[in-house]
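For reference, the structure is listed below as structure tokens.
The values are calculated or read from the model by the stated rules, or taken from the named source; none is laboratory data. Keep in mind it's a predicted model, so treat the numbers as computed, not measured. Neighbour counts are summed over all protein chains in view; Cβ atoms, including those assigned to glycine, are modelled from backbone coordinates with ideal geometry. We work out accessible area using only protein heavy atoms, side chains counted, and drop any ligands, DNA or RNA first. Shrake-Rupley method; radii C 1.70, N 1.55, O 1.52, S 1.80 Å.
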Amino acid sequence: MAVVSESETSARDGGFVPAAMTLAPWAVAGRGHEVRGPNTDCAGHDPAPGVGVPSYMDTFIGRASLLEEIGRLLGSEHRLVTLTGPGGVGKTRAGMRAAAWAEASQRFAHGVAVAELADVPGDDHAQLYSRLLTAVGILDNSPDTPHTRLIEHLRGRDLLLVIDNCEHALSLLVPILRALLRAAPRLRVLATSRATLGLQGEHRVDVPPLNQVPADGRPSEAVRLLVARAAAAQVTVSPDDPDAARLCALVDGLPLAIELVVGRLRVRDLGAVVEAVRASLDQVGEDPHAEQSHHRTLRATMDWSYSLASEHERVMWAVLAEFHGDFCPRLAVDLCAQLGIAESDALDGLARLLDTSILTTISQPWGDTWFRMLDSLRRYGRHLDPTGIDRDRVRRAHAEYFAFLARYTATDWFGPEEVELLRALTGSISSITESINYFLDRPDESDRGLALAVDLARSRVHMYGSLLATSRRALAQARSRQPTGPPTPLMVTATALEAFAAFSQGDTGSGLSMLVDALGHAEALGGPTQSTMLFVTGVGMALSPDRDTWAQSVRVLDQAVDAATAEGERSDAARCRLFATIADGFHGDARAIDRARDVLADAEAAGAEWAVSWALWALALSEHQHGDIDQAARVLHRALLIHDDLGDFSGMTWTTWLAAMVAAGRGDHSAAATLIGAVRGLQRHVGVSVSGIGPFSRVEITARSAVLRALGENGYATRVEAGEALCRKDVVTLALSTLDTPDPTSTDAEVAEDQRLSGLTARESQVVALVARGYSNRQIAAELVVSERTVEWHVSNALAKVGAANRAGLAHWHLTCVADRR
């Protein structure tokens, strides 16, 4: 296995202490899998980035008859199929393989969604709903009840929902699924669980261990898996070796047990491994409390693997098992530093746990490699007590570490680490929630739980990761668990930030109520007003329908900038400055444009990529309101490219909304109406309504009125409906093509002006000119440095606007315009 050595890592100036380092990708031959990002296929899919079927990087061995049965059941009238079996038998892999078949065959019109529940606490309704919402592409932002949102979203959809590792959450999950299956007649559910769900109509499929009987001249399934995994670990095992069959028989053909023993074949020969596993099984067999056969076998295999591990490997297993969900190398190394484990030792431990199959790798949608510990191994690891480290010390280290990570991000996100830090927090939200609870469960440390919730909100992860509801819940829970007594500055900050989360959700009434409470507590405390209080007050004023109050919001937000600067909070000051710029941008004067350019320059100088995207958005708004529509389009084009690249779905929604306003300002009414429809579709998944917010609403009303006058009610409704049906990929393509602004010197200005009066945009006019010269779509795309899909869109729009039947008619129309000018 290729592992980055200490000499191959490089330190980063001002890096993420205590372990400031860069980790190269972890290459593990034949193991791990890739997490699917947003499903960008357009046929029949929703616009939101739901969780798709993971793509595994290793081979899938056997199970042909099992998969055939699952496929038959999913293709028939059975609406709930549950794969049951003991831990380590391969329920997840079989379920995901069947789901991949359903996805590839397009059996379900609205695709396949996957909810992995292994790291969701079995008694946490909020986290369970959040995971289900995310799986089906609904972002955790709305103040509405998640139950209602799930039902409304799934009611008319033909979808396969895969729920993995759900046995620990059945008491909460079963009522939810019962309601969903009743309300959504085309919904199918494929669950994996150690126990059945007990719902009416459930069809149980027992997942057996791998077959151990050779057939058709081929080795058994279990032996084939052993040979394949050994080869991936660069160990040769002959399928004809009797010890191979003996080993598979000893571990009952359990895939996870086979994976674990393969991890030891690099240091022991096959015969020695067989004897060691037999001895371990004999020991467990003498335990009067031993579980049924397969559970006993897996436990014995894990015991044996643990017995062979070095003390350092045991410590790493115990430490990393405390993570709730996946984790990146950086988190693992920095957490180890909290426990006094050196960086080089942590890296070595990670490599060894990968080699022995305790860890597997996960390729994230943005390209980074994270780690995952399977649920059975995690449960086992949480009961380990290696020498020198007790369990409470490990749990405290986790809580302390995530408190540090949130504080570090809250205070220092305004820099080149911004996106990396936000991704780390977003991916660790389950672990962070557990860390908050760890402190809240200790009365003398409950204020630390509140501080962690506050820092999480200050980090802006709730906006980056579309976790507004999660952030608001964390703040509310932490506030409710504080001891009674006079308000503290931390409580004031928490109340204000909870109000900001409510404002961001569009729950203005609740936000104002909490803001009033925070202001009252702040007044009782006396002293200078906190920057956070000024910031949230300014945001509340900016959302007001009253124009005078809205106008005064800029002054209050500027005061927040000054206060944050005085407090030494550079990142908070950057956040306040951005919101002041957005509020000022609606005024449409040149001063707002200068302010936006300064904010953009600061973000670019800091190297904060996500902040750059929003500074571009603010500048585009200012240019639009000032009347320079083409310049607004150029700037917004850059912002959308960044949002798309980062997978910032909320950012795409806001940018698409502004693109619709730009299109209306350009007179491209057809694109404007389509984009307005696209935003409506996106908003249903984001859970926040852009057009429902004061100043945004006023801008949209003006634009929508112009579009309605141009298209008429029927034409407008048709375009809006078409936009609502677009998937995310097509929304981005349409928005980018709409914002695409050519160099005004690149085509004949007078001809372009004539064609603009005929309804063509400047870019459409340029495309038409190239069509008239005989260019193909591919040649036009190369000439204009745009995608071929964008060219297709422009040609389609131009044909409709000028009434041409085909490209020849379009070319004739253009040449007539040129002749008339001459």
*Range in the chain, longest, excluding exposed GluC sites (Glu not before Pro) [loop by DSSP; at most 11 other beta-carbon atoms within 10 Å]*: 287-822
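For every helix of n ≥ 4 consecutive DSSP H residues, a contribution of -39,500 (n - 2.57) applies; sum these over the chain, divide by its total residues, and give [θ] at 222 nm rounded to the nearest 500 deg cm²/dmol.
That calculation yields -20000 deg cm²/dmol at 222 nm.
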_Area of Leu799 that stays accessible when all protein chains are in place (1.4 Å probe, Å², to 10)_ = 40 Å²
*asked:* Quick check: net charge around Asn141, other residues with Cβ under 14 Å of its Cβ, Lys/Arg +1 and Asp/Glu -1?
replied: +1
*Would you mind computing, in nm to one decimal, how far apart the modelled labels at Ser776 and Arg570 are, each placed 7 Å from Cα along Cα→Cβ?*
5.3 nm
_Give me the one-decimal Kirkwood hydrodynamic radius in Å for segment 624-736, with the sum taken over alpha-carbon pairs._
13.7 Å
*Carbon and sulfur atoms: what percent of the 1.4 Å accessible area of the chain do they account for?*
50 percent
*Between Leu641 and Asp269, 0.36 nm times their residue separation minus their Cα-Cα distance comes to what?*
128.6 nm
*Any idea what the relative contact order of the chain is, in percent, if you count C-alpha pairs under 8 Å spaced at least 6 apart?*
10 percent
*Net length gained if the chain between Ser310 and Ser705 were fully extended (0.36 nm per residue, minus Cα distance)*: 135.0 nm
*What's the Kirkwood radius of segment 64-206 in Å, using all Cα pairs?*
15.1 Å
*How long are the three semi-axes of the equivalent ellipsoid of segment 338-482, in whole Å, if each is the root of 5 times an eigenvalue of the C-alpha gyration tensor, listed from largest down?*
26, 21, 14
*Label points 7 Å out from Cα along the Cβ direction at Ala800 and Ala551: separation in nm?*
4.1 nm
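Can you put Arg591, Arg314 in order of accessible area, largest first, using a 1.4 Å probe?
Arg591, Arg314
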*Given (i) 0.95; (ii) 1.00; (iii) 1.25, the label whose value is Rg/Rh (Cα atoms, Kirkwood Rh) derived from this model*: (ii)
*When Lys and Arg each count +1 and Asp and Glu each count -1, what net charge do the other residues less than 12 Å away from Ser622, Cβ to Cβ, add up to?*
-3
*Which net charge results when you count Lys and Arg as +1 and Asp and Glu as -1 among the other residues whose beta-carbon is under 12 Å from that of His78?*
+1
*Using a 1.4 Å probe and counting only protein heavy atoms, arrange Ser344, Ser65, Ser280 so the residue with the most accessible area comes first.*
Ser65, Ser344, Ser280
_I need the phi-derived Karplus couplings for segment 211-221: 6.51 cos²θ - 1.76 cosθ + 1.60, θ = phi - 60°, integer Hz, Gly and Pro marked x._
4, 10, 10, x, 8, 6, x, 10, x, 5, 4
*When the dipole is taken about the Cα centre of the chain, and only Lys, Arg (+1) and Asp, Glu (-1) are charged at their Cβ, what size is it in debye, to the nearest 20?*
1940 debye
*Please report how far the C-alpha centroid of segment 647-711 lies from that of segment 548-621, rounded to the nearest whole angstrom.*
22 Å
*Any chance you could run the full-extension gain for Glu721 through Ala601? It's 0.36 nm times the residue separation minus the Cα-Cα distance, nm to one decimal.*
39.3 nm
*Send over a whole-number figure in Å² for the accessible area per residue of the chain, probe 1.4 Å.*
39 Å²
